[in-house]
Amino acid sequence: MKRSIITLVVLCLTLHLSAQVKKVKHIVLIGCDGFGAYAVPDAKMPNLKKLMETGSWSLKARCVLPSSSAVNWATMLMGSGPTEHGYTEWNSKVPEIPSAVITKYGLYPSIFSVIRDQKPNAITAAIYSWPGIGPLIEQKAITIVVPGNDNDDFCVDTTVSIIKREKPLFTFIHLDQPDGVGHAIGHRTPAYYDTLQNVDTRIGKIVQAVKDAGIADETIIIVTADHGGINKGHGGKSLDEVQIPWVINGPGIKKDHEINDFIITYDTAATIAWIFGLKMPQSWRGKAVDDCFIN
Ligand SMILES: [Zn+2]
């Protein structure tokens, strides 16, 4: 009898673990504002391209409409679209449509509250350059929140030290470039490609921090964007505005692999939850990207 109970417990643990990607103890999500997928092939981004060559990637992932910032950052982190979470505009600070569900942290459920509720002791961190991210994240569910006041380099330096010191289970960093140059000078311009080199240097610093922290073999890094852009803006329906890069690298991830799954930005939160073996809120609409994991 006792043995059968032990067997049952072991079986249950095994089943539970089957939803997790083995060995993954950390995820770092790097979000680059206004980084259109169209720019990747011609961009001089050796660090990003190394993540692609040694990981999996899609340049056909899509944002939700409108192809604007707040609505899409909310969507990426909240596993759902604007109809569910209610943030619909470029600078939404409160949902224009009442959120369909509200957690005890006061907002629509995001990956942060999913982690907090199911792994209460986990360290999580959110570092964001654009102040507009602040109202979109469940600050009470996050261990470390650092507003970066439009300073990407400060955000990167802060993230590097947090990764090395705290080794968070989940780290989200928002970078304001290349969106700023996209608005000021324009997409598909030499200046836009120049600033992508700076974005790449910042990505490289974060990758190096993961190595320096000694956690590279147990960390998945995801690089994506809220939307792309066209001319000096975004918000519309062209593929330059709608298609975003989605790159994933780390243990259990296929190498040098173009992902065949179609990805919408709300799949990012769902994929993170799935990697950690966490139950997703019923209201979420994202699903884990499947075609990047080694079976
Ligand atoms: Zn944006």
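Build a GNM of the chain with springs between Cα atoms under 10 Å apart, and of Ile162, Ile102, Ile111 the one that fluctuates most is Ile102. Largest mean-square fluctuation among Asn91, Asn121, Asn149, in a Gaussian network model of the chain whose springs join Cα atoms under 10 Å apart, belongs to Asn121.
Across the stretch 165-179, computed HN-Hα scalar couplings (Karplus, 6.51 cos²θ - 1.76 cosθ + 1.60, θ = phi - 60°) run 7, 9, 6, x, 4, 9, 10, 10, 10, 9, 10, 7, 8, x, 4 Hz from first to last residue, x flagging Gly and Pro.
When the chain is treated as a GNM with alpha-carbon contacts under 10 Å, the residue of Ala74, Ala270, Ala213 showing the greatest mean-square fluctuation is Ala213.
I need Thr88, Thr195 ordered by Cβ neighbour count within 10 Å, fewest first.
In increasing order of surrounding Cβ atoms, one gets Thr88, Thr195.
The distance between label points at Lys23 and Asp150 comes to 4.4 nm (points 7 Å beyond Cα on the Cα→Cβ vector). A cut-off of 5 Å between modelled amide H atoms, ignoring neighbours fewer than 5 places along the same chain, links Arg62 with Ile244, Ile263, Ile264, Thr265. Charges were assigned to the Cβ only: +1 to each Lys and Arg, -1 to each Asp and Glu. The resulting dipole of the chain about its Cα centre is roughly 1180 debye. Between Ala100 and Glu218, the modelled label-to-label distance comes to 3.6 nm, taking each label 7 Å out from Cα in the direction of the beta carbon. The H on the amide N of Ala225, modeled in the peptide plane, is under 5 Å from the matching H of Cys32, each at least 5 residues off or on a different chain. Among the GluC sites (Glu not before Pro) in the stretch 71-108, those located in a DSSP loop and surrounded by at most 12 other Cβ atoms within 10 Å of their own Cβ are Glu96. For Lys237, the lysines whose Cα falls under 28 Å of its own Cα, not counting residues fewer than eight places away in the same chain, are Lys44, Lys49, Lys60, Lys93, Lys287.
Counted by Cβ distance under 14 Å from Phe112, the other residues give a net charge of +2, where Lys and Arg count +1 and Asp and Glu count -1. Full extension of the segment from Ser161 to Lys205, taken as 0.36 nm per residue of separation minus the current Cα-Cα distance, would add 14.8 nm.
Taking amide H as placed 1.01 Å from N in the peptide plane, the amide H of Phe172 sits under 5 Å from that of Leu29, Ala125, Ala126, Ile127, each at least 5 places away or on another chain.
Here the Karplus relation 6.51 cos²θ - 1.76 cosθ + 1.60, evaluated at θ = phi - 60°, turns the backbone of the stretch 241-257 into coupling constants of 7, 8, 8, 10, x, 9, 10, 9, 8, x, x, x, 9, 4, 9, 6, 10 Hz, with x for every Gly and Pro.
Largest first and in whole Å, the equivalent-ellipsoid semi-axes of the chain read 30, 22, 18, each the square root of five times a Cα gyration tensor eigenvalue. Legend: P(r) of the stretch 68-197 from all alpha carbon pair distances, 10 Å bins from 0, whole percents, reading 13, 38, 34, 14, 1. Phi angles across the stretch 80-86 convert, under the Karplus curve 6.51 cos²θ - 1.76 cosθ + 1.60 with θ = phi - 60°, into 3J(HN,Hα) values of 8, x, x, 5, 8, 7, x Hz, Gly and Pro given as x.
Quick note: the coordinates plus some simple rules give every number you see, no bench work behind them. On a predicted model such as this, the values are computed, not experimentally measured, just so you know. All Cβ positions, even for glycine, are placed from backbone atoms using ideal geometry, and neighbour counts span all protein chains on display.
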